[in-house]
Each structure stands twice: as C-alpha cells, then as structure tokens.
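Have a look at this one before I ask anything.
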Amino acid sequence: MAKVKTRFFCQSCGQESPRWLGKCPGCGEWNTLVEEVVERAAAKRTPLGVKATPLTEIQIREEERVSSGSQELNRVLGGGIVPGSFVLLGGEPGIGKSTLLLQTAGLLAKGMDVLYISGEESEKQIKLRAERLGIKESRLHILTETRLEVVRDVALAMGPGLLIVDSIQTMVLEELQAAAGSVSQVREGAAFLMRLAKEEEIPIFLVGHVTKEGAIAGPRVLEHIVDTVLYFEGDRHHVYRLLRAVKNRFGSTNEIGVFEMHEDGLVEVPNPSKVFLGENSATAPGSSVAVIVEGSRPLLVEIQALVTPTTYGPPRRTATGIDYNRILMLLAVLDKKVGLHLGAQDVFINIAGGIRIDEPGVDLACIAAIASSLGERPLKRYALIGEVGLTGEVRGISQIENRVKEAVKLGFEGCIIPRINVSAVKVPGNFTVIAVKTVEEAVQVMFEQ
C-alpha cells in the first residue's frame, strides 16, 4: 500500500509547508497550518494534434449581457451579467450578501430559471427570508447541498440562466480527503465550478467568507480564478451598504453601488450624494463638503472635523474613513504654510455616511473642515475640490466638470477648485466658481463674508 502523502496548508493565505509551523511564514498568522492529504495525479501526455491559434484568426463576438434587475449591481458589473462569467461576492457576516443575491435571483426568476445552492441554510430558512423580501417566483429553485458533483448534475439537468452558490467555503468535492473550507477544497471546488461556468455558459455567483482583516478567506488563487471580485461593505449598525468591484474582467473596477438596508431587503440609492451629506453641513463649524468620483459617478460627501485643546499627554490624531498619514501631512501643511498651529490640539476627522475615501481630491475639504473647527466659524455653502501638495499648492484633479455639475445639481452656491482646472469648467450663471492656487489663499476665501 502506497504511503499517504500529507502537507500543511495555512487556512488564511494558502501557504504550503512540508511540516507544521506555529507561525505561517506567508501571512504571519499563528496556529493556522492544517495537515491535508495530497494526491498527485498521474502524469499524462499531451494529446496529439493540439496547436495554438494565430491571434488574427480568433473570432470574437460582442457579449450580450443579461440585466440583473438592479441598476446598482449592473453598474458595478460593467453593464449586466455576462453569460459564463464567474463572480465572487465577499463581505463580513451579516452585511447582506445572501440577501443581495436572493433578491437578484428573485428578479431574474421572472424571466428565466435560477438555481440557488445553499450549504449554510435549510430550505425553510431560505423560504422565510424570501417571503420577507416578497419573492414568490416559481422559477427560483432552491437546493440545500454541499457536494459539488450533485450541484453539477442538477445544473446540467436544469440548464439555469443563473447559478448561485452560498457559500464556496461549505462546498466539498468527494474525491478530496479534506474538510470543507480547507485550502484544497476551496481551490479545487472553485476550479470545478469555473469549468462548469465556461463550458455550459452559465453565470455563477459565489459567496465568500472574509477573514478578520477583511480579505476573502481561503487561498489567494480563489480571487485569481474568478472573473469578478465584488466586496459588500458597510457597518452592520448602519443602513447603507456599498458594493465595490476590486477585480472585473468585463468592466471597470472603479464603480460602486449604494444600497439601503430595510426590513424588506436592500433598496437601491439612486442619488448617493444626498445620503452622504449631513443636514447641517451648511451651518455647523467643522463641516465641509468634498466632491469625489467613483468610476463614472461623482459623489458629494461630508467631511467632519473636531479640534479640541489637548488635556493630557501628546495631542491625539484620529481619522475615520480616510488615510491617517494623509491627515498628518495636511496638518503639517496647515501649520507651516497657513500658520494654524495645532501642536496643542486634538484633531478628529470623520467621513460621514460610513464611506471610505482614497482619492487626494478631498484634501482641500479636509483642510477647510479643520480650519473651520479650530476657529469655530462655519463655512460657506461651497463644495471644495482639490489636492494639496507639501509646498502648500492646490493641485489639479481629473473630471473637474463632472464634479462641478454634481455640486450644481445638489443646490450648492459655488465651488472652490484648483486654478489649473478653471479653464475646463463651464460655469452656470447663478453658480460661483472660485479658483485658488495655494492653501493660504483657499483658507482666506473660505471665511470671507
């Protein structure tokens, strides 16, 4: 009898090791290496007659996308669901992943057969959730199964227009001697479903669990196998959810979809700018409004700042929803170039609405909010757009015209923008656009009566 070969795999990152280690050398996590049986397939010769095709002879056709029934999901996917696509949806427990996919299944089941596979819930549980969401479609089929071979047979017999698997960590291939959720099961199970999607042109949506760091649980190869990786973000204690694409072979990765969680499911938010703007943004000291762009969608967000005298020890710096080191840089610019000394002040920055901002176009709004809170003086009802450099200059940014149009649509009195961008803006008659070159000039304009 041949000796069984085993290896140790990290359950967090998929790192392989010939022996057990307390600390994973790949991701640094402790006690995550688990022993698994490794079966090596027999070597096979390549069939004769296989040859490569010249690029010029490859025939292509325009992919006909299928509408998901949700404009926000269509936007993030790049225009709809591509036949044969393989999509992974990740997010924290309780954030609404299963709710989003069950609603999508209910919408698509009005015109096609949809197969919903669940390895975590019973049929009765899914039925209760469907009734709460108002889903009563007869072409939505539910199967509680964890064996992927059975899932394939049912899918081939039914020929659904969409297959949903909730979740990949609960699925198993019977030929593998490993537990569900292990690295080998997740890797081989995803490859198994990927072949099913491509060969039968069935779009497949997978639900993926996430680690405590927010990454998809399992080996990194899982994200490489799929065509699209979506993250469903938000705080479970807030009603708003953001759907973001971090990988998309069929569209842009910069688009976001905004949903609001209600008792009867997720509702699309057609105008997210109103969501992210506070009601008192025009009158409260320490509040400013920035215009950001996510993909092709401009959004107005409220920047909140609180500056208070330091009572004990060194001053505190806290940033929520924005890069902490960028705030430290902006505080240094305010101190050096504007003369606002914050060495004895605690500074707290928050992005209202739970959104996270990575683009530098919010620099000017952050500086305005900090200066407003320090002086206890409210800002004008202007939107602020611009990146701030270390020398105190206000640098130009992209898509300035779309940003200004969004501010006009939301009823703002004007915009403060970089001087280099002023030639690209068409100003309406009742709207004021002020161009600034330096941070010092921008702060003076903000507080002019």
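The values are calculated or read from the model by the stated rules, or taken from the named source; none is laboratory data. Computed from a prediction, not measured in an experiment: that's the story for all the values here. All Cβ positions, glycine included, derive from the backbone under ideal geometry; neighbour counts span all protein chains shown.
Which of the residues belonging to segment 89-119 are more than 19 Å from residue 155 (Cβ to Cβ) and in contact with a helix residue (DSSP H, G or I) (Cβ under 6 Å, 6 or more places away or on another chain)?
91
Take the residues of segment 409-439 that are in contact (Cβ under 8 Å) with a residue 24 or more places away in the chain and among the hydroxyl-bearing types (Ser, Thr, Tyr): which is farthest from residue 399 (Cα to Cα)?
Once the filter is applied, the top-ranked residue is 438.
Residues are listed down the side, and each one gets a yes or a no for (1) assigned to a loop (DSSP other than H, G, I, E, B); (2) crowded, with 17+ Cβ neighbours inside 10 Å; (3) on the phi > 0 side of the Ramachandran plot:
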position: 274; (1), (2), (3): no, no, no
position: 289; (1), (2), (3): no, yes, no
position: 304; (1), (2), (3): no, yes, no
position: 319; (1), (2), (3): no, yes, no
position: 334; (1), (2), (3): no, yes, no
position: 342; (1), (2), (3): yes, yes, no
position: 372; (1), (2), (3): no, yes, no
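Return the residues of segment 218-264 that are in contact with a Leu (Cβ under 8 Å, 6 or more places away or on another chain), under 16 Å from residue 296 (Cα atoms) and part of a loop (DSSP other than H, G, I, E, B); say none if nothing qualifies.
250, 251
Continuing with the same structure: Mind listing just one residue for me: the one in segment 153-182 that is touching a helix residue (DSSP H, G or I) at 6+ places or on another chain (Cβ under 6 Å) and at pLDDT 95 or above and, of those, farthest from residue 94 (Cα to Cα)?
Per the stated criteria, the residue is 162.
Please determine whether any residue of segment 330-337 is assigned by TED's automatic domain parsing to the domain that holds residue 417, in contact with a strand residue (DSSP E or B) (Cβ under 9 Å, 6 or more places away or on another chain) and either aromatic (Phe, Trp, Tyr) or farther than 15 Å from residue 393 by Cα (or both).
No, because not a single residue in segment 330-337 is assigned by TED's automatic domain parsing to the domain that holds residue 417, in contact with a strand residue (DSSP E or B) (Cβ under 9 Å, 6 or more places away or on another chain) and either aromatic (Phe, Trp, Tyr) or farther than 15 Å from residue 393 by Cα (or both).
Could I ask something else about it? Out of the residues in segment 195-211 that are out of contact with any helix residue (DSSP H, G or I) (no Cβ under 8 Å at 6 or more places or on another chain) and within 19 Å of residue 80 (Cα to Cα), state the one that is surrounded by the fewest Cβ atoms within 10 Å (Cβ to Cβ). Break it down stepwise before answering.
Restricting attention to segment 195-211, the residues satisfying the condition of being out of contact with any helix residue (DSSP H, G or I) (no Cβ under 8 Å at 6 or more places or on another chain) are 195, 197-199, 201, 210-211.
Checking which are within 19 Å of residue 80 (Cα to Cα) leaves us with 197-198, 201.
Working: 197: 22, 198: 14, 201: 11.
Once the filter is applied, the top-ranked residue is 201.
Next question. Output yes when any residue across segment 385-400 is buried (at least 24 other Cβ atoms within 10 Å of the Cβ) and closer than 15 Å to residue 301 by Cα, and no when none is.
For segment 385-400, residues buried (at least 24 other Cβ atoms within 10 Å of the Cβ) and closer than 15 Å to residue 301 by Cα: present.
Separate question: Show the residue pairs that are 6+ apart or on different chains and have beta-carbon atoms under 6 Å apart, the first residue being within segment 169-194 and on the phi > 0 side of the Ramachandran plot, the second being crowded, with 19+ Cβ neighbours inside 10 Å.
Once the first residue is on the phi > 0 side of the Ramachandran plot and sits in segment 169-194, its partners that are crowded, with 19+ Cβ neighbours inside 10 Å give 181/169.
Return the residue satisfying two criteria in turn: it lies in segment 393-425 and is out of contact with any helix residue (DSSP H, G or I) (no Cβ under 7 Å at 6 or more places or on another chain) and of a type in the set (D, E, K, R), and of such residues it is nearest to residue 271 (Cα to Cα).
Residue satisfying both the conditions and the ranking: 409.
Hey, does segment 116-131 have a residue that's surrounded by fewer than 15 Cβ atoms within 10 Å (Cβ to Cβ) and among the hydrophobic types (A, V, I, L, M, F, W, C)?
Within segment 116-131, one or more residues are surrounded by fewer than 15 Cβ atoms within 10 Å (Cβ to Cβ) and among the hydrophobic types (A, V, I, L, M, F, W, C).
List the number of the failed condition for residue 224; all other conditions in (1) touching a helix residue (DSSP H, G or I) at 6+ places or on another chain (Cβ under 9 Å); (2) at pLDDT below 90; (3) surrounded by fewer than 18 Cβ atoms within 10 Å (Cβ to Cβ) hold.
Single failed check for residue 224: (1).
Inside segment 64-180, counting only helices (runs of 4 or more DSSP H) that do not spill past its ends, which hold 2 or more residues that are among the β-branched types (Val, Ile, Thr) and closer than 21 Å to residue 241 by Cβ?
Counting at least 2 such residues, we get 97-108.
Scan segment 92-117 for residues that are under 20 Å from the mean Cα position of the chain (by Cα) and within 21 Å of residue 194 (Cβ to Cβ) and report the count.
Number satisfying all stated conditions: 3.
Moving on. Examine segment 116-126 for a residue that is hydrophobic (A, V, I, L, M, F, W, C), in contact with a Ser or Thr (Cβ under 9 Å, 6 or more places away or on another chain) and touching a residue at least 40 places away in the same chain (Cβ under 8 Å), and state whether such a residue exists. If you could, list the steps in order and put the result at the bottom.
Kept after step one, since they are hydrophobic (A, V, I, L, M, F, W, C), are these residues of segment 116-126: 117, 126.
Retained after the next criterion (residues that are in contact with a Ser or Thr (Cβ under 9 Å, 6 or more places away or on another chain)): 117, 126.
Filter once more, so that each one left must be touching a residue at least 40 places away in the same chain (Cβ under 8 Å): 117.
Scanning segment 116-126, I find at least one residue that is hydrophobic (A, V, I, L, M, F, W, C), in contact with a Ser or Thr (Cβ under 9 Å, 6 or more places away or on another chain) and touching a residue at least 40 places away in the same chain (Cβ under 8 Å), so the answer is yes.
Within segment 407-430, track down each residue that is more than 15 Å from residue 361 (Cα to Cα) and either under 29 Å from the mean Cα position of the chain (by Cα) or crowded, with 16+ Cβ neighbours inside 10 Å (or both).
408, 409, 410, 411, 412, 414, 425
Please work out which one of (1) touching a Pro at 6+ places or on another chain (Cβ under 9 Å); (2) in contact (Cβ under 8 Å) with a residue 60 or more places away in the chain is the condition residue 368 fails and give its number.
It is condition (1) that residue 368 fails.
Can you name the residue in segment 3-50 that is in a loop (DSSP other than H, G, I, E, B) and of a type in the set (D, E, K, R) and is also modelled with the highest pLDDT among such residues?
Looking at the filtered set, the residue picked out is 19.
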